[in-house]
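Rule-based calculations on the coordinates, nothing more; no lab input. A quick note: this is a predicted structure, and the numbers were derived from the prediction, not measured. Neighbour counts run over all protein chains shown; Cβ positions are idealised from the backbone, glycine included.
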Amino acid sequence: MHFTSEQRFEDGVLERRFTLGDIPGILWTPASAPAPLILVGHPGGLDRMYPRLVGRARHAAAGGYASATIELPGGGDRPRLPAVEQARADLHRALAAGEQVSDDVVDRLVLPLVDRAVPEWRTTLDALLALPGISGPVGFSGGVVAIAVRLAAVDPRIAAAVLFAGSFVPRATVEEARRITIPLQVLLQWDDEGNDRQMALDLFDAFGSAEKTLHANMGGHTGVPQFEGDAAACFFTRHLR
């Protein structure tokens, strides 16, 4: 892990950008140490997502947590994934025409990202937990939900997760969800444009966790109420402290 820049905010949070091989990422650490770690998921485009990511990270740091995120394969300045981009174009074409998005399009769009991103997240987690001041247990917060499901299914270091149910879900991911037993809190925007609400509900129903909570709020994709950040903090305090 090679740190390329750093800045310290007025609240004491230290932000460091890093590269791990060809994977760019950002680590935020609070002034207190050691700190449990939260992995922050997002749909790609690290710089585009930065204002929302840094807000989430500083909110987590106020509770004593470190946060880290990485760029998705094919996102930002990383090499393009032509097959995924074609699937994304097919998705937008179906939505614009008012057609149902086929399982084939969802699989071609999501599963290649899952297959590439999850090993990268695990490699990043290896490097992060080797740093001074970073400790387990580890939480995951955000999306893409199919990536989060696979990561939680294969990596026992993930102890709890707050999942954002705002992306298309392959049928294979619903089956993987049955293997998940960690505590979960799932956020669902009821009027999320372009996404399948029933698919999100089916995924929630499939999770094998004994403790799982669904927080459904009215509004579109980017309209998650600010109080959900406080609810997520309480959730992680119960399970990562």
Of the trypsin sites (Lys or Arg not before Pro) in region 65-159, which ones lie in a loop per DSSP and count no more than 11 other C-beta atoms within 10 Å?
80
With a 10 Å cut-off between alpha carbons and a GNM built on the chain, which of 170, 79, 30 moves the most?
79
With viscosity set to 1.002 mPa s at 20 °C, what whole-number translational diffusion coefficient in µm²/s follows for region 140-241 from Stokes-Einstein and a Kirkwood radius over Cα pairs?
159 µm²/s
Non-local amide H neighbours of residue 211 (under 5 Å, H modeled in plane, Pro and chain starts lacking H): which ones?
184
Along the dipole axis of region 183-241 (charges at Cβ: +1 for Lys and Arg, -1 for Asp and Glu; origin at the Cα centre), the most positive-end residue among 214, 240, 190 is 240
Amide H of residue 216: which non-local residues (sequence gap of 5 or more, or other chain) have their own amide H closer than 5 Å, using H built in the peptide plane?
188
First select every other residue whose beta carbon is under 13 angstrom from the beta carbon of residue 105; then total the charges, Lys and Arg +1, Asp and Glu -1.
-3
Surrounding net charge for residue 7, when Lys and Arg each add one and Asp and Glu each subtract one, Cβ distance under 11 Å
0
Could you check which residue among 104, 77, 205 shows the biggest mean-square fluctuation in a GNM of the chain with a 10 Å Cα cutoff?
104
When 209, 5, 32, 167 are arranged by how many other beta-carbons sit within 10 Å of their Cβ, fewest first, they go 5, 32, 209, 167
Considering amide H positions built from the backbone, and no H for Pro or chain starts, which residues 5 or more places from residue 35, or on another chain, come under 5 Å of its amide H?
134, 135
Using the number of other C-beta atoms within 10 angstrom as an exposure proxy, rank 239, 2 with the fewest first.
2, 239
Given a Förster distance of 35 Å, the FRET efficiency implied by the Cβ-Cβ spacing of residue 17 and residue 97, rounded to the nearest 0.05, works out to 0.30
With a point put 7 Å past each Cα toward its Cβ, work out how far residue 52 is from residue 85 in nm, to one decimal.
2.2 nm
Exposed GluC sites (Glu not before Pro) absent: longest stretch of the chain, with sites in DSSP loops and at most 14 other Cβ within 10 Å deemed exposed:
100-192
Provide the net charge surrounding residue 78, with neighbours chosen by a C-beta distance below 11 Å and charges set as Lys +1, Arg +1, Asp -1, Glu -1.
-2
Set the Förster radius R0 to 41 Å, insert the Cβ-Cβ distance between residue 241 and residue 4 as r into 1/(1 + (r/R0)^6), and round the FRET efficiency to 0.05.
0.85
